[in-house]
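First up is the structure itself, then whatever we jot down about it.
Every number here is computed from the coordinates shown, using simple stated rules; none is lab data. Note that this is a predicted model, so its numbers are computed, not measured. Cβ placement follows ideal geometry from the backbone for every residue including glycine, while neighbour counts extend to all protein chains displayed.
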Amino acid sequence: MSIALMLTMFSPAPGGAAPSWASGLRLVVGAASVTLDRVQVAPGVVIPPKLDLSTFIRADGSSFEVRAVRSSYDKPVTATQVIDQRGRTVQRPLPTGLVKDLTGLTDFFHITLTNAAGVIVLDQNLTFCPNSAAVAARPDAVQDSSFPAACTTHPFALGALWGIDAGWAAPVNSSESLRPDIPNGEYTATISVNEPYRGFLDMPAEVKIVRVTVRTTSQGPIMPAGLAPHPAGVPSADPPQQAPSAVKANHQRPDLRPLPPRGLTIDSKNGRDHVIFSATVWNAGPAPLIVRGYRRPGEDVMDAYQYAVDRAGRTAAFEPVGTMEWDPRQGHEHWHFTDFARYSLLGADRQEIVRSQKEAFCLANTDAVDTLVENASLDPGNRDLHSSCGKVSSLAVSQALAVGWGDTYAQTLPGQSFDVTDLPNGEYFVEIVANPNGNLVETTGSNNTVLRKIVLGGTAGARTIAVPPYGSVIES
């Protein structure tokens, strides 16, 4: 469908005025020149610079909003612009196939970087996440964003809300992963918005120019993103002294669901072969999962209680749901809630052969999975694996999984693997089960299991793995 034909499908705004599709979106530059630092963290070890070009998309008119949905893993993502026309909501589908996944608006920008000799050293299209690092760009703009704080990077995410509030601006590139390894020197960056976005959003055809200096700076050892220091223990709190409250009709509960495992590969060390992968359990709502632990005197064990919320979002009923344990292993070193999920390797007959030793988890909102579900959190706060997990001296901890968000654990962490060295070649299934013992109270337990097929080959000490696609999802 052509853009011209698509525009005729929508009636004009009240009063006969032409619809304002674009929210006055404009490409703007902050600084005319920027300096990008290559950071030397050790002799011969340099971290390439983040591509921060001080260039933004600004919403000069009304707010800009897009809702993207994956109805199933076998179907493509569909994206729809939502426009407020003087109190009347109009939905305007983006051209089919334009948005590829839920990380943002695919190939929205085109960027080139040219060195002083006129040689192009970077020529790339960039996906645009309107949510990440957006800021109020004028004094009359709302001070709190109406949109999530980030876009998801999870390949099995299901829904996404993207947008820029009126008077706000979002950077061209907010990704920490885009770090081109370019040498020191002087460069010219050119930034533009690609078609068909530019025509669809009625943006002027313009190219922005930014002067770029790349240099190397020295810095001591740094901590990788997502590995923040352990926070101080939660202030002292006494365990509940009363009997658990009865669940009332107006109390809302979470709905825990596992996503298909991803990143499946073989790790061969010391003559042993292990299947490793990442696994995510998310909360489809309508209420957050809140688990609080209260330490037993003199023990590295806490009694865990799940708290319900009422329809106003206030903490209400609670009941015992098991325990939390202190995990002293390197890479963990925090309090884990036991029995949150179970990982198993099944044979072709779907019977368990190997179970992962991983059985306890610190709950954290690591991935946005569907920010369109009822009561989805836009910015849940604790978004790394060390948030709210406490330390060895903690008397109590409070952990939560927000609505619309998932907790991802990589199988490279201690205790998380399947030893497949001695298994015969053939077909197997990796099974993820959320809330395996039913300790947590949910709205339903009917959607707590997911399977993904793998095929093992090779020989002991050098096993191979083949992973068939899961629907139409492409894993990066």
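A few comments on the model shown:
- Calculated FRET efficiency for the pair Asp300/Asn125, C-beta based, R₀ 35 Å, to 0.05: 0.10
- Label point distance in nm, Ser472-Ser177, each placed 7 Å from Cα along Cα→Cβ: 2.1 nm
- Cα radius of gyration and Dmax for the stretch 142-198 (Å): 15.5, 42
- Inter-label distance for Ile47 and Val142, nm, one decimal - labels placed 7 Å from Cα along Cα-to-Cβ: 3.4 nm
- Pairs exceeding a 26 Å alpha-carbon distance, out of Lys269/Lys391; Lys269/Lys453; Lys100/Lys453; Lys50/Lys100: Lys269/Lys391.
- Net charge of the neighbourhood of Val397, taken over other residues with C-beta under 11 Å away and scored Lys/Arg +1, Asp/Glu -1, is +3.
- For the stretch 106-156: rounded, prolate or oblate by the Cα gyration tensor [a/c cutoff 1.5]: oblate
- Dividing the radius of gyration of the alpha carbons in the stretch 28-122 by their Kirkwood radius gives 1.11 for Rg/Rh.
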